[in-house]
1. I'm told B:MET659 meets every condition in (1) out of contact with any helix residue (DSSP H, G or I) (no Cβ under 6 Å at 6 or more places or on another chain); (2) open to solvent by 20 Å² or more (accessible area, probe 1.4 Å) except one. Can you identify the failing condition by its number?
2. Search the range B:468-503 for residues being over 19 Å from B:ARG427 (Cα atoms) and either modelled with pLDDT under 95 or of a type in the set (Asp, Glu) (or both), and hand back the single one that is surrounded by the fewest Cβ atoms within 10 Å (Cβ to Cβ).
3. Report, ordered by the first and then the second residue, all pairs with beta carbons closer than 8 Å, sequence separation of six or more or different chains, a first member in the range B:208-233 that is among the basic types (Lys, Arg), and a second member that is open to solvent by 10 Å² or more (accessible area, probe 1.4 Å) and at pLDDT 95 or above.
4. Checking A:LYS358 against (1) within 27 Å of the chain's Cα centre (by Cα); (2) more than 16 Å from A:LEU654 (Cα to Cα); (3) at pLDDT 90 or above, only one condition comes out false. Which one?
5. Any residue in the range A:521-534 that is among the aliphatic types (A, V, I, L, M), within 14 Å of chain B (Cβ to nearest Cβ), farther than 27 Å from B:GLY594 by Cβ and open to solvent by less than 40 Å² (accessible area, probe 1.4 Å)?
6. Any residue in the range A:248-270 that's within 14 Å of chain B (Cβ to nearest Cβ): show its pairings with residues that are of a type in the set (Phe, Trp, Tyr) and open to solvent by 30 Å² or more (accessible area, probe 1.4 Å) at Cβ separation under 9 Å, as long as the two are six or more apart or on different chains.
7. Can you pull out every residue in the range B:474-515 that is outside any helix (DSSP H, G or I), among the basic types (Lys, Arg) and within 18 Å of B:ALA432 (Cα to Cα)?
8. Which numbered condition trips up B:LYS456, out of (1) outside any helix (DSSP H, G or I); (2) within 23 Å of B:GLU530 (Cα to Cα)?
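The values are calculated or read from the model by the stated rules, or taken from the named source; none is laboratory data. These figures come from a predicted structure and were not determined experimentally. Positions of Cβ are generated from backbone atoms using ideal geometry, with glycine treated the same way; all protein chains shown enter the neighbour counts. To get the accessible areas, we keep the full protein, side chains included, count just its heavy atoms, and leave off ligands, DNA and RNA. Shrake-Rupley method; radii C 1.70, N 1.55, O 1.52, S 1.80 Å.
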Number of protein chains: 2
Amino acid sequence: MKLLKRSLSIIFISTLLLFVSGDFSYSSLDEGMWTFDNHPSKILKAKYGFVPSKEWLDHVRLASVRFMDGGSGSFISPNGLVLTNHHVAMGQLQKISSGEENYVNTGFLANTKEEEIKCPDLELNVLIFTENVTERVRAAVEKDMSDAKALKARRAVMAKIEKESLDKTGLRSNVIDLYHGGEYWLYRYKKYTDVRLVMAPERQAAYFGGDSDNFTYPRYDLDMAFFRAYEKNQPIKSPHFLKWNSKGAQGGELVFVSGNPGSTDRLYTYAELEMARDFRYPLILEYIDKYLKALREYAKKGQEQQRLSLGMIFGLENSKKALTGEYNGLLDEELMAKRKKNEKEFRRTVSKNQNLSKSYSDAWDIIEKVVKENRKVALLQFYQNLRGYRLPGIATSIVRYVVEVKKPDAERLPGYHESGLNEFKFRLFSPAPVFKDMEEAVLSFTLQLSLDGLGKGDEFVKLVLAGHSPDEVAKEVIGGTKLDDPKFRKKLIEGGQEAVANCKDPLIVLVRKIDPLLRKKEKWNRDNVESVIAQAREKIAKARFAAYGTDAYPDATFTLRLSYGTVKSYLYNGTRAPWKTSLYGVFDRASSFGNKGEYALPQRFWDRKDELDLSTPVNFVSTCDIIGGNSGSPVINRKAEIVGLIFDGNIESLSGRFMYDEVKSRAVSVHTAYIIEGLRKLYDAGFIADEIEGKE
Amino acid sequence: MKLLKRSLSIIFISTLLLFVSGDFSYSSLDEGMWTFDNHPSKILKAKYGFVPSKEWLDHVRLASVRFMDGGSGSFISPNGLVLTNHHVAMGQLQKISSGEENYVNTGFLANTKEEEIKCPDLELNVLIFTENVTERVRAAVEKDMSDAKALKARRAVMAKIEKESLDKTGLRSNVIDLYHGGEYWLYRYKKYTDVRLVMAPERQAAYFGGDSDNFTYPRYDLDMAFFRAYEKNQPIKSPHFLKWNSKGAQGGELVFVSGNPGSTDRLYTYAELEMARDFRYPLILEYIDKYLKALREYAKKGQEQQRLSLGMIFGLENSKKALTGEYNGLLDEELMAKRKKNEKEFRRTVSKNQNLSKSYSDAWDIIEKVVKENRKVALLQFYQNLRGYRLPGIATSIVRYVVEVKKPDAERLPGYHESGLNEFKFRLFSPAPVFKDMEEAVLSFTLQLSLDGLGKGDEFVKLVLAGHSPDEVAKEVIGGTKLDDPKFRKKLIEGGQEAVANCKDPLIVLVRKIDPLLRKKEKWNRDNVESVIAQAREKIAKARFAAYGTDAYPDATFTLRLSYGTVKSYLYNGTRAPWKTSLYGVFDRASSFGNKGEYALPQRFWDRKDELDLSTPVNFVSTCDIIGGNSGSPVINRKAEIVGLIFDGNIESLSGRFMYDEVKSRAVSVHTAYIIEGLRKLYDAGFIADEIEGKE
């Protein structure tokens, strides 16, 4: 339940700092989140005697699905059936639930296609084309440009390439920065926005063990959900679907994971690691603690409040546990020493070579200087933000949109380029219900946190609160806004700059007031921090290619990657963790905790216990290198058959953000045998099992 | 499977170093292995609102049994039925097994009293009388005696008190050194030597998970065995037996453990801890590794060799895992810092008080000096020993006995005083079979280890090998000796000094040759190390009483103690370990590992699965403070009813040798419900269940 791309914490982090760069090294371990154009065939051949063919790779890529909610998935039938995790589906489950029908608690099953429920704002992507555009992006940067201008030029040409591609193909087009400035690639996606929920078990089965068991193994979760992609009101044809292997993963076998890891920091310089350890993680963890405390207070107010805040509490707990694990990685002296040593060796290699040395050797010191000098600014910027839940973001998007679209594409703020406006509007006009009660509560205490962090005299605080309390401001702007109505948002967007300028909606008024200040701060940051680091990291990327060649994998970017590894037990807790768990274990853990709280099994498990084959494998582990965003990724065998469903990493894997460890780190998956057993015997959904097993 | 008093490693350690002394501190935690005369009533009352009455304490003490094999147990019926662990019974199970009947593998059940099998050399003790004899022991030491003379005088008077008590009562009488010279107590035991095996499950059920799961939790073991004490060929009457509680331990409840913890080093000085960390543990762990490697080679030779070496391999693996855990405790900087701080504070308290300072403040420095100066000697002494398996020890006992008994009691070596000769002879004349094949193999490679450790030129090596190889010597002395016959041993003992002096048995000849050297070394060690440390530790003990009062518990001494604590889960592996496991979990772990190797369940489990209540609690954890030697201890509730059976500690508890940790450290027990479920439904031993549940 934790390999969601941590959108929340990623927002936090990006506000603070920013980009990644540094050194790395890997060997013949099962390491790496490889792009499909550059998979480690040499290592695979040597270690496993198997190299995926081009056809294999194309097939797997076209069967892989990205969930823009922050996860991964795959086609598992020719009729657009998509498998992912329950926790990837969680946001949509909440959005289609109501006070009467809480699908998060009850689960959901569409017995016919007609019963499948359309998700309000779910976008799925399939990567159908990639092209290396490094030369064109590099060419846009002139020789004597300042770092700030170079960043702007780079972003402008990236937006231009995207727009041209969109116009030419009508496909979602993104230029991806790989290896931190080492390469730029144009990715084109087939996009699905009519996605319908087919089946989801109860959260108690999917997330059995709750936050306690989150990011751990041995594990016992049925963390699955099924969607179907539609076009023109018909299920799509999906010829590239993964064949189902009901026998599932076997101990010792080679498996692959195809999915979209969100972000890693394996290329951080040592200075950036230190900054993360000493400044960023302590700050964020403290913030999350306070946030969680406030949300839990809110949840106590009633059943509806509890229901509404569940998703956010889950997200924060998930982030907290993940970040704590990552933080522990940073506190691990051995890991830090390794990173320091690797960087030292890399820098020595660079300094020994005259050409490399001349061009690149100052990059590390530049990053160290910027990172150290800007801690204070980063701290301010962390708090100088209107956070809240969904509405403040909607208001900001509208206020900025009407201004940005008037500018030439190259001049616009990130996020407002022509190429991305379709997706921008899809999100902005989402009909998903807005819960004002919670919006108000969340805005109130995020404002309080800003007030506490900045003090009364801060310019942002003065602008936002204007002498009032956070409670009063939240009550006024959330209570008075009409932005919960998608039609109102549309009207403002269509009315353009004038409509927004004259709008008396209190939330729009507030955002209008603070936007100039935030723009100024963001620009300063782009010009003085982001651009400098970007330039330095490009140097490091070039130096790395020159020194080590391109036999490397880039840091994760929430784009499609292929990992590989072995289904394999590991040592933990003084003994061995088995490579798989069984259905017996589900009942053991429930019994051990008195079938209560996080360990209460849905009644259907007890009622149907005697029909179940309790020796059915439930979850299993592999050495595949994954991270948040890989949630819902298919685990496949040499034949590209699906044998499992990624949903988590063990507690030891969390330091994987900074460094991979094959000895203790494991990816945790749902075994395909449990999915079939569950569908057939627990959820009366044999027809779904038939569809995916090809028995229709 | 690991709370056996580690006789093996304890031998190793005592050769090396020696005594314990130091500082400690504890608060209102569930800490301490308390003597029955001084239990922590204040803490119990404050924390649990319950203080055991004198009747409660007397009853529990008289129902508690010490296994001289190195464990604990309790009476659980009025007819002398004793419950302990399978792994405490393991040695006897091997001794009564043969090539045809391997009770270790098959388990054993006596369907009638007539079928109960007499153990060849099992001694059980019940503590029936205690008396503080500190004044008398202290009075034996005159004011200006050297440390060496003081040690001798103390040991002489202790032997004298024991002998007087034995003569007066006929009871096993031991003077115990508590608090390292702080107090001396005379303990009298009722002794049972006709002890018969009633029931034991297969080792695969008792030790399910094997060495891998040893010292860990969550856990799934049926680590039980039943004996019956006899006198005059009749089951004894045991009015003080513990009432059985079939509902068993409940989460959150207060429980007590009555048993015989073997040894702790909580009072070590910091210098001793450092010496253990930097010298003793690395040395012993390396030795065990080599030993195990050799034994495993031996075990490969055939099925019989495998059977014979199983017990020893188990013991060594158990020691290795325990010592590794303890060593990790020593490597834990936080723990060491705490111990350092405590010692510093204690020493400051002492130095601030003029009286205390004058008498005691030099004790720590004395210990530090002795410990540091004698590392080299300790290393030599470690290897200058004829180890082997059983026969070399038997030979040494005989050669020394005939000399020692001629001396006045006060002059004899430890172990040869009048008061202990009954037990000495019981062990020496044990009819348990001796396996020459294994004796030879073990002697050969322990000689090889001495040769490797000391070199060819060493005086001990020269004496023992006399130019031959370890193989040759082992073959000659083991092949030629008749000491495997108890009657031959008896004849030698009865023949006295002359018979031994003229004996041509090659093993006796060898021991006669090396004994003078070993005696010399041991004497030097007593006079220059043991006695100095003993004197210093007595000072520290006195200082501690003066500074902190007697509200303290002594280090463990393999004598009866009472621990207390709560049945309670704990955080591990990023999540929570439940306070209990269930029978579902037994099948989960077996299934997860393919029902193979250490995780293969006996077939009866699979055959009778459907008759079992799989939600039956199997094992559970409590915060009770225990250590090796507590194996087989009863876990009892406020009513002194038995609710569980101690058999292990979790991996986090191993540093408990040096310091107690209530947060992570747990004692692991078999739940009484599993014992009943197993007896009735798996082992067709309902009549035993009836006897202990009082349903006869």
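1. Of (1) out of contact with any helix residue (DSSP H, G or I) (no Cβ under 6 Å at 6 or more places or on another chain); (2) open to solvent by 20 Å² or more (accessible area, probe 1.4 Å), only one is false for B:MET659: (1).
2. Ranking the candidates gives B:GLU498 first.
3. Once the first residue is among the basic types (Lys, Arg) and sits in the range B:208-233, its partners that are open to solvent by 10 Å² or more (accessible area, probe 1.4 Å) and at pLDDT 95 or above give B:ARG228/B:ASN79; B:ARG228/B:LYS113; B:ARG228/B:GLU116; B:ARG228/B:ARG196; B:ARG228/B:PRO235.
4. If we test A:LYS358 against (1) within 27 Å of the chain's Cα centre (by Cα); (2) more than 16 Å from A:LEU654 (Cα to Cα); (3) at pLDDT 90 or above, just (1) comes out false.
5. Step one: of the range A:521-534, the residues among the aliphatic types (A, V, I, L, M) are A:529, A:532-534.
Those still in the list that are within 14 Å of chain B (Cβ to nearest Cβ) too: none.
No - not one qualifying residue is present in the range A:521-534.
6. A:ALA249/A:TRP579; A:GLN250/A:TRP579; A:GLY251/A:TRP579; A:GLY252/A:TRP579
7. So in the range B:474-515, the residues outside any helix (DSSP H, G or I) come out as B:481-485, B:503-505.
After this cut, where a residue has to be among the basic types (Lys, Arg) as well, the list is B:482, B:504.
Across the range B:474-515, the qualifying residue is only B:LYS482.
8. Evaluating B:LYS456 over (1) outside any helix (DSSP H, G or I); (2) within 23 Å of B:GLU530 (Cα to Cα) leaves (2) as the failure.
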